[in-house]
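K.L.:
Sharing a structure, written as structure tokens. Questions coming.
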């Protein structure tokens with residue numbers, strides 16, 4: 001069921017800077033969404049418009065079919081977890097969490113009950129009487145979540161709220177956020193610039209750049225089928241090679257013709273080919289589809305990052321086994337590992353083309 | 001290093017002695033019998049006894065205190081709202097203009113301010129007295145409060161306001177439950193500064209007091225012109241102790257608040 005809809009939203013600031021250009025998106029209830037993009041891509045602006053802290057220059061925001069574009073933030077059924085948590089320093093944990101309920105003049109006994117529940121949900125039992133300054137970053141984060149969920153919002157908005165935590169804690173909080181979302185069954189809209197975070201947690205991701213939605217879809221769809229250069233580069237590492245479509249299911253790049261899984265493109269059209277570094281398997285030179293020479297190798301703990309040159313280009317390879325620098329190796333990949341991108345193709349055109357040769361493909365995310 | 005710090009300590013001690021010597025000199029002679037501060041004769045409470053018998057002086061003391069409390073209270077309200085208004089201004093140029101107008105009042109000599117108030121009040125046909133002194137004290141205290149509150153506003157995390165609205169707070173609730181508590185340290189120090197400025201102001205008050213009303217500083221001045229009376233020493237001693245008490249209270253309050261508000265806005269260490 002659709003709960004929030006942004007309809008042709010644009011945002012231009014007084015100084016002429018355009019933050020958002022024609023944003024259309026639809027949010028369903030009970031799902032975990034991510035707005036993913038580099039800084040300055042407009043993701044936080046979208047969140048602020050949904051929350052009611054900013055007004056769009058043009059366009060409308062709908063909640064359950066009702067126009068809420070001009071509605072004050074205090075009257076919307078959403079709550080926000082802020083980037084720096086924005087906990088009230090003059091109140092302790094209990095008072096912070098109870099803030100929203102006390103504004104509504106909830107009876108004291110109910111407040112106490114609900115605060116206890118909320119603190120239990122974020123695993124901070126027994127922290128009620130602590131001062132905010134006594135808490136660690138991760139604990140402050142949890143208090144901010146408890147404070148936001150106590151009003152039982154229909155939608156929880158999270159603004160880069162994990163970015164200040166260290167890596168281990170961030171991973172832990174990712175699991176917990178996801179668990180909290182499942183438990184409450186409400187919609188989460190999560191803003192992040194960290195693609196790993198978005199891939200790990202979301203049901204659906206909106207990739208943003210330059211004030212526009214570049215692509216939306218499930219994490220797997222976005223990772224496997226990036227619609228353009230930007231998405232391919234931003235989500236994960238990739239080898240992007242210039243190529244040419246020979247015919248349906250056959251593409252030419254790196255000086256050779258390869259079987260691929262893409263169709264519906266005019267033969268002879270110039271395209272870009274994306275190969276994920278972890279899809280490249282290292283084999284003996286004679287067994288590979290291309291042969292390359294190893295330039296450098298970095299050990300990253302769980303895998304090696306190998307740079308190699310060959311077939312007229314440079315290759316990035318992730319492998320669990322190391323190689324020797326200067327060694328000749330073969331690279332093997334399956335037809336499904338090759339992803340062909342048309343230059344300047346929009347998401348809608350991409351979905352339509354996918355539909356045309358896959359029948360009812362997995363692109364039905366609306 | 002050690003030698004250096006010893007030298008430093010001697011220097012520091014010397015400065016303190018020079019700063020506090022006149023006050024201790026005053027305090028010392030408040031216990032001396034006799035009429036002048038030439039040399040200490042023998043210990044006596046006599047000056048304190050005459051002080052407490054001097055109802056006129058005590059009344060002036062209380063009036064001065066009331067004036068200071070009232071003017072600093074009103075100035076704190078006006079100044080805090082003024083600081084919020086200046087902070088809300090969108091255009092930096094406008095903000096700078098108002099801030100400069102504010103600072104000019106602090107920098108300009110009291111004599112000028114006092115004289116201009118005198119001219120204003122006489123031009124308006126305003127009777128000089130408690131009201132005129134109160135008004136002028138409020139006027140020179142407001143800029144001080146603005147200057148103390150504004151930094152707190154600047155360093156406050158604006159998302160606190162967003163967070164309060166997000167949780168359903170109305171405009172008034174945001175103001176009373178989030179903005180004012182967050183500014184309290186600044187408001188308190190502003191009020192304290194206004195209080196001390198009002199208590200010890202001489203120049204402005206001298207211009208705008210009429211016949212019926214006088215403050216301690218003006219009274220002491222006029223008495224001192226007829227020759228120093230050791231009763232004044234006794235009064236100064238009491239005021240000195242009173243101010244020390246005030247500073248102590250202020251220190252205690254700010255220390256407690258500092259402990260509570262460490263990591264303002266929930267920022268992470």
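The values are calculated or read from the model by the stated rules, or taken from the named source; none is laboratory data. In this text, all values refer to a predicted model and were calculated from it rather than measured experimentally. Glycine also receives a Cβ, built like all others from the backbone with ideal geometry; neighbour counts cover every protein chain displayed.
K.L.:
Return the total of residues in the range A:146-182 being in a helix (DSSP H, G or I) and either in contact with a helix residue (DSSP H, G or I) (Cβ under 7 Å, 6 or more places away or on another chain) or within 11 Å of chain B (Cβ to nearest Cβ) (or both). Break it down into steps so the answer makes sense when it comes.
P.N.:
Within the range A:146-182, the first condition is being in a helix (DSSP H, G or I), and the residues that meet it are A:146-149, A:167-182.
Retained after the next criterion (residues that are either in contact with a helix residue (DSSP H, G or I) (Cβ under 7 Å, 6 or more places away or on another chain) or within 11 Å of chain B (Cβ to nearest Cβ) (or both)): A:146-149, A:169, A:173-174, A:177-178, A:180.
So the answer is 10.
K.L.:
Quick check: is even one residue across the range A:348-362 surrounded by 13 or more Cβ atoms within 10 Å (Cβ to Cβ), within 26 Å of residue A:221 (Cα to Cα) and in contact with a strand residue (DSSP E or B) (Cβ under 6 Å, 6 or more places away or on another chain)?
P.N.:
No, the conditions are met nowhere in the range A:348-362.
K.L.:
Only one of these is exposed (fewer than 15 other Cβ atoms within 10 Å of the Cβ) and either touching a strand residue (DSSP E or B) at 6+ places or on another chain (Cβ under 8 Å) or closer than 27 Å to residue B:238 by Cα (or both): B:89, B:66. Name it.
P.N.:
Details: B:89 fails: either touching a strand residue (DSSP E or B) at 6+ places or on another chain (Cβ under 8 Å) or closer than 27 Å to residue B:238 by Cα (or both).
Criteria check complete, one pass: B:66.
K.L.:
Exactly one of (1) within 8 Å of chain B (Cβ to nearest Cβ); (2) surrounded by 17 or more Cβ atoms within 10 Å (Cβ to Cβ); (3) out of contact with any helix residue (DSSP H, G or I) (no Cβ under 6 Å at 6 or more places or on another chain) is unmet by residue A:61. Its number?
P.N.:
Every listed condition holds for residue A:61 apart from (1).
K.L.:
Another question, then. Check A:46, A:27 and return the single one that is surrounded by fewer than 22 Cβ atoms within 10 Å (Cβ to Cβ) and either within 24 Å of residue A:173 (Cα to Cα) or modelled with pLDDT under 90 (or both).
P.N.:
Working: A:46 fails: surrounded by fewer than 22 Cβ atoms within 10 Å (Cβ to Cβ).
Exactly one of A:46, A:27 is surrounded by fewer than 22 Cβ atoms within 10 Å (Cβ to Cβ) and either within 24 Å of residue A:173 (Cα to Cα) or modelled with pLDDT under 90 (or both), namely A:27.
K.L.:
Just one of B:192, B:175 is within 28 Å of residue A:71 (Cβ to Cβ) and assigned to a helix (DSSP H, G or I); which is it?
P.N.:
Numbers: B:192 fails: within 28 Å of residue A:71 (Cβ to Cβ).
Every option except B:175 fails the conditions.
K.L.:
Kindly indicate whether residue A:85 is surrounded by 22 or more Cβ atoms within 10 Å (Cβ to Cβ) and not in a strand (DSSP E or B). Steps first, please.
P.N.:
Values: surrounded by 22 or more Cβ atoms within 10 Å (Cβ to Cβ): yes; not in a strand (DSSP E or B): yes.
Taking the combined requirement at face value, the residue satisfies it.
K.L.:
Among the residues of the range B:173-183, which ones are within 7 Å of another protein chain (Cβ to nearest Cβ) and surrounded by fewer than 20 Cβ atoms within 10 Å (Cβ to Cβ)? Full working, then the answer.
P.N.:
Initial filter on the range B:173-183 (within 7 Å of another protein chain (Cβ to nearest Cβ)): B:173, B:178, B:181-182.
Once the filter is applied, which keeps residues that are within 7 Å of another protein chain (Cβ to nearest Cβ) and surrounded by fewer than 20 Cβ atoms within 10 Å (Cβ to Cβ), the range B:173-183 yields B:173, B:181.
K.L.:
Of all residues in the range B:143-172, which are part of a helix (DSSP H, G or I) and within 14 Å of chain A (Cβ to nearest Cβ)? Can you show your working first?
P.N.:
Within the range B:143-172, the first condition is being part of a helix (DSSP H, G or I), and the residues that meet it are B:143-155, B:159-166, B:171-172.
Across the range B:143-172, the qualifying residues are B:152, B:155, B:159, B:160, B:161, B:162, B:163, B:164, B:165, B:166, B:171, B:172.
K.L.:
Restricting the search to the range A:91-106, which residues are in a loop (DSSP other than H, G, I, E, B) and at the interface with chain B (Cβ under 7 Å from one of its Cβ atoms)? Outline the logic, then answer.
P.N.:
Here is the first cut: in the range A:91-106, the ones in a loop (DSSP other than H, G, I, E, B) are A:91, A:104-106.
Correct list: A:104 only.
K.L.:
Condition first: in contact with a helix residue (DSSP H, G or I) (Cβ under 7 Å, 6 or more places away or on another chain), farther than 19 Å from residue B:197 by Cα and exposed (fewer than 15 other Cβ atoms within 10 Å of the Cβ). Can you find one or more residues in the range B:115-128 that meet it?
P.N.:
No, the range B:115-128 contains no residue that is in contact with a helix residue (DSSP H, G or I) (Cβ under 7 Å, 6 or more places away or on another chain), farther than 19 Å from residue B:197 by Cα and exposed (fewer than 15 other Cβ atoms within 10 Å of the Cβ).
K.L.:
State which residue pairs qualify: first residue over 17 Å from residue A:55 (Cα atoms) and inside the range B:156-170, second residue part of a loop (DSSP other than H, G, I, E, B) in any location, beta carbons under 7 Å apart, and separation of 6 or more residues or different chains.
P.N.:
Hits for this filter: B:157/A:84; B:157/A:86; B:160/A:86; B:160/A:88; B:167/A:151; B:168/A:104; B:168/A:151.
K.L.:
A further question follows. In the range B:12-43, how many residues are out of contact with any strand residue (DSSP E or B) (no Cβ under 7 Å at 6 or more places or on another chain) and not in a helix (DSSP H, G or I)?
P.N.:
Narrowing the range B:12-43 to residues out of contact with any strand residue (DSSP E or B) (no Cβ under 7 Å at 6 or more places or on another chain): B:12-30, B:32-39, B:42-43.
Restricting the remaining residues to those that are not in a helix (DSSP H, G or I) gives B:30, B:32-39, B:42-43.
Of the residues in that region, 11 qualify.
K.L.:
Within the range A:70-90, track down each residue that is at pLDDT 90 or above and more than 8 Å from chain B (Cβ to nearest Cβ).
P.N.:
A:81
K.L.:
Additional query: Does any residue of the range B:27-48 turn out to be surrounded by fewer than 17 Cβ atoms within 10 Å (Cβ to Cβ), closer than 30 Å to residue B:197 by Cβ and out of contact with any helix residue (DSSP H, G or I) (no Cβ under 7 Å at 6 or more places or on another chain)?
P.N.:
For the range B:27-48, residues surrounded by fewer than 17 Cβ atoms within 10 Å (Cβ to Cβ), closer than 30 Å to residue B:197 by Cβ and out of contact with any helix residue (DSSP H, G or I) (no Cβ under 7 Å at 6 or more places or on another chain): present.
K.L.:
Give the range A:269-302 a look and list any residue that's within 24 Å of the chain's Cα centre (by Cα) and over 17 Å from residue A:241 (Cα atoms), or say none. Steps first, answer last, please.
P.N.:
Filtering the range A:269-302 for residues within 24 Å of the chain's Cα centre (by Cα) gives A:272-279, A:300, A:302.
Matches in the range A:269-302: A:300, A:302.
K.L.:
Of the conditions (1) assigned to a helix (DSSP H, G or I); (2) surrounded by fewer than 21 Cβ atoms within 10 Å (Cβ to Cβ); (3) within 13 Å of chain B (Cβ to nearest Cβ), residue A:112 clears all except one; give me its number.
P.N.:
For residue A:112, the failing item is (3).
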